[in-house]
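Trainee: Pasting a structure here, questions to come.
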Amino acid sequence: MLALKEWSIICKALEDGNQTILLRKGGILEYKKGFEVRQKSFLLFPTLEHQTEEYLQSKYLQTYDLLLRGNKSEDIQNKTNTLWVLARIEAIQEFHDHEMLPELEKYHIWNEKYVNMRMNYNPKKPMNALLLRVYKLPQPISIDINPEWAGCKSWIDIDIAEKYGNQFGSVPKMFDQSEPVIKDKEFQRISKNFMEIWN
């Protein structure tokens, strides 16, 4: 099953409805091709790689501190990780213009310093703004961390059947069993406003 690596605090913000987009250019291992959407429905894999309070809007720093303390014990000492959210890409927009960044600020919790740094990275490649519909799993998935997942890569393949059998089933079945974190009417409003930015 495919999972997208993302900062733990961003996974939490997506779960809480405080963030609805991801901004992606790809990691160092993807420099040549840039970010590629391998699948439009996937699990989110929380990670501490590159996560730092330096790049978050100030109002989320307390949440970051609490989450960081909780995940250090889980990820490093026990060599396990817990996945609790699914995501589906509802819209993708590519752009090169820095002037688009302020328009997107209300859809994420990163600060201006971070998004400008990401825009300047690999400048020939576009930034990808992914509008996500996020769902919370009926129960978390605990998996053993594979050392091959480390490093600056966006996508990883995980095998939850080895531990859980057919308990979760296919990705469509997982969506059927999960609850969207933002209600339909509110997400329709967010989606409409997001698409209007590009018109």
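What follows is calculated from the coordinates using simple rules that are stated; it is not laboratory data. The model shown is predicted, which means the values in this text are computed figures rather than measured ones. We place every Cβ from the backbone using ideal geometry, glycine too, and count neighbours over all the protein chains shown.
Trainee: For the stretch 129-150, does any single residue satisfy the condition of being under 13 Å from Lys25 (Cα atoms) and in a loop (DSSP other than H, G, I, E, B)?
Mentor: no
Trainee: Moving on. Any idea how many residues of the stretch 83-113 are in a helix (DSSP H, G or I) and either surrounded by fewer than 17 Cβ atoms within 10 Å (Cβ to Cβ) or in contact (Cβ under 8 Å) with a residue 60 or more places away in the chain (or both)?
Mentor: Selection size over the stretch 83-113: 11.
Trainee: Could you check the stretch 1-68 for strands (runs of 3 or more DSSP E) lying wholly inside it with 3 or more residues that are farther than 25 Å from Phe95 by Cα and aliphatic (A, V, I, L, M)? Working first, answer last.
Mentor: Details: elements: 2-7, 21-24, 41-47.
Of the strands (runs of 3 or more DSSP E) lying wholly inside the stretch 1-68, none has at least 3 residues that are farther than 25 Å from Phe95 by Cα and aliphatic (A, V, I, L, M).
Trainee: Here is a list: Ile156, Ile145, Ile182, Ile190. Which entry is in contact with a Gly (Cβ under 7 Å, 6 or more places away or on another chain), of a type in the set (A, V, I, L, M, F, W, C) and touching a residue at least 24 places away in the same chain (Cβ under 8 Å)? Talk me through it step by step, then tell me what you get.
Mentor: Working: Ile156 fails: in contact with a Gly (Cβ under 7 Å, 6 or more places away or on another chain); Ile145 fails: in contact with a Gly (Cβ under 7 Å, 6 or more places away or on another chain); Ile190 fails: in contact with a Gly (Cβ under 7 Å, 6 or more places away or on another chain).
Exactly one of Ile156, Ile145, Ile182, Ile190 is in contact with a Gly (Cβ under 7 Å, 6 or more places away or on another chain), of a type in the set (A, V, I, L, M, F, W, C) and touching a residue at least 24 places away in the same chain (Cβ under 8 Å), namely Ile182.
Trainee: List every residue pair whose Cβ atoms lie under 6 Å apart, where the two residues are 6 or more positions apart in sequence or sit on different chains, the first residue falls within the stretch 1-17 and is surrounded by 21 or more Cβ atoms within 10 Å (Cβ to Cβ), and the second residue, located anywhere, is among the polar types (S, T, N, Q) and part of a helix (DSSP H, G or I).
Mentor: Pairs found: Ser8/Asn71.
Trainee: Now a separate question. Out of Phe168, Phe175, report the one residue that is assigned to a helix (DSSP H, G or I) and either in contact with a helix residue (DSSP H, G or I) (Cβ under 9 Å, 6 or more places away or on another chain) or aromatic (Phe, Trp, Tyr) (or both). Don't jump to the end; show me each part of the working.
Mentor: On the way: Phe168 fails: assigned to a helix (DSSP H, G or I).
Only one candidate passes the filter, namely Phe175.
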